[in-house]
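The values are calculated or read from the model by the stated rules, or taken from the named source; none is laboratory data. Note that the structure is a prediction, hence the values are computed from the model and not measured. Here the Cβ positions follow ideal geometry from the backbone for every residue, glycine too, while neighbour counts run over all protein chains shown.
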Amino acid sequence: MNVGEAAEAVGVTAKAIRTWEAAGLLPGAPRLPSGYRRYVPADLATLRFIARARSLGFGTERIRGLLALWQDRWRPSAEVKRLALGHVTELEAQAAALMAMAASLRHLADHCYGDERPDCPILDGLEGGGNNSSHCDGEPRAGGDVRG
């Protein structure tokens with residue numbers, strides 16, 4: 001099958017397959033006399049493996065390592081588990097960082113009235129690098145104005 005058919009069979013784009021080939025994750029498929037790449041079932045299995053690893057957030061270098069372990073039927077599973085758990089730790093750290101960002105933005109949004117006034121604690125908070133709590137706490141400012 002050609003690259004378009006392989007892409008459809010695996011559920012990825014032809015561009016993704018070409019990118020993975022260029023990165024060396026998949027050996028370049030042999031070409032037919034017409035110039036089209038020819039993919040065989042073993043290529044599809046590798047493509048599915050790469051696609052699943054990408055969907056789990058693995059980067060190119062880690063996928064390269066996982067592919068090597070997958071293709072080595074005598075590999076110790078402890079090495080695979082070590083790589084997977086290392087990735088879990090990184091994903092959890094990224095998730096925590098995203099939650100902290102969301103909490104910071106929620107805090108700024110909670111102190112914005114969202115009305116017709118031009119004062120905006122969200123923009124003030126962004127301007128001050130998030131360290132502008134005196135402008136975002138809804139407390140009266142000089143002159144009795146409450147930011148909103």
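Observations, loosely collected:
- Hey, F49 without any contact (Cβ under 8 Å) to a residue 24 or more places away in the chain and within 24 Å of K81 (Cα to Cα) or not: yes
- Whether a residue is closer than 28 Å to Q94 by Cβ, surrounded by 14 or more Cβ atoms within 10 Å (Cβ to Cβ), within 20 Å of the chain's Cα centre (by Cα) and aliphatic (A, V, I, L, M) was assessed, and A51 passes this test.
- Sole residue being at pLDDT below 95 and among the basic types (K, R), chosen from R18, R48, R64, R54: R18
- Restricting region 75-84 to residues that are part of a helix (DSSP H, G or I) and surrounded by 10 or more Cβ atoms within 10 Å (Cβ to Cβ), the residue that is nearest to the chain's Cα centre (by Cα) is A84.
- Condition met for A68 (touching a strand residue (DSSP E or B) at 6+ places or on another chain (Cβ under 7 Å), surrounded by 10 or more Cβ atoms within 10 Å (Cβ to Cβ) and of a type outside the set (D, E, K, R)): no
- Qualifying residue in region 28-44 (condition: part of a helix (DSSP H, G or I), surrounded by 11 or more Cβ atoms within 10 Å (Cβ to Cβ) and of a type in the set (V, I, T)): no
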